[in-house]
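Below: the structure, in structure tokens.
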Amino acid sequence: MKIKLIASLALIAGLLAICSPIFAHHGSAAYDNSKPVTLKNVTVTKVNWGNPHTLLLFDVKDDEGNVKHWVAEANAASAISSSGWTRTAIQPGDTITVVLYAARNGQPLGRVGKVILANGKEFGDGELIGDRPSVCDQDFGNGGNESAACRPDGRKTSNKE
């Protein structure tokens, strides 16, 4: 009985150690964060409110009148709700403006920086909040991976400094 318990605990610990990269956040490496793209008069087709990201699906007409279907990810519902964006704030059929960072591979995918409703209400400030520190001129304490982006040499700490 004792051997089975120890073996079970060792198996669980081993699986957690091996599978932990699965739970890592992917960041925004797939998006071109050097230039935001503003898409006006888009028609919302669906909002998937949730975690780890809220998805905004919408249609955009190009200059020739062809419709292109886009999917843009925003931060988690818990993060974007602090800006006033609620589950019911954007509905299918709404016409909005979306400021996003487009996928580097040219696909109609992006990361939401800001959403502007028809009445002028804005959610977000245009930045990719949550993926990197937005202010790098402050003391981040004991460091860690997130604050490494603000260090001149980009070094990471062990949080023991």
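The values are calculated or read from the model by the stated rules, or taken from the named source; none is laboratory data. Not measured: the values here are computed from a predicted model. Here the Cβ is made from the backbone with ideal geometry for all residues, glycine too, and neighbour counts use every protein chain on show. Each accessible area value is taken on the protein alone, full model and side chains, heavy atoms only, with ligands, DNA and RNA left out. Shrake-Rupley method; radii C 1.70, N 1.55, O 1.52, S 1.80 Å.
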Note to self: If residue 53 satisfies all but one of (1) open to solvent by 30 Å² or more (accessible area, probe 1.4 Å); (2) outside any strand (DSSP E or B); (3) modelled with pLDDT of 85 or more, what's the number of the condition it fails?
What the structure shows: (1)
Note to self: Cβ-Cβ under 9 Å, sequence separation 6+ or interchain: first residue in segment 98-122 and surrounded by fewer than 21 Cβ atoms within 10 Å (Cβ to Cβ), partner in a strand (DSSP E or B) and among the aromatic types (Phe, Trp, Tyr). Which pairs?
What the structure shows: 103/31; 104/31; 108/70; 109/31; 109/70; 114/123; 116/123; 117/123
Margin query: Restricting to segment 59-98, name every residue that is hydrophobic (A, V, I, L, M, F, W, C) and either in contact with an Asp or Glu (Cβ under 9 Å, 6 or more places away or on another chain) or not in a strand (DSSP E or B) (or both).
Written below: 67, 70, 74, 76, 77, 79, 80, 85, 89, 90
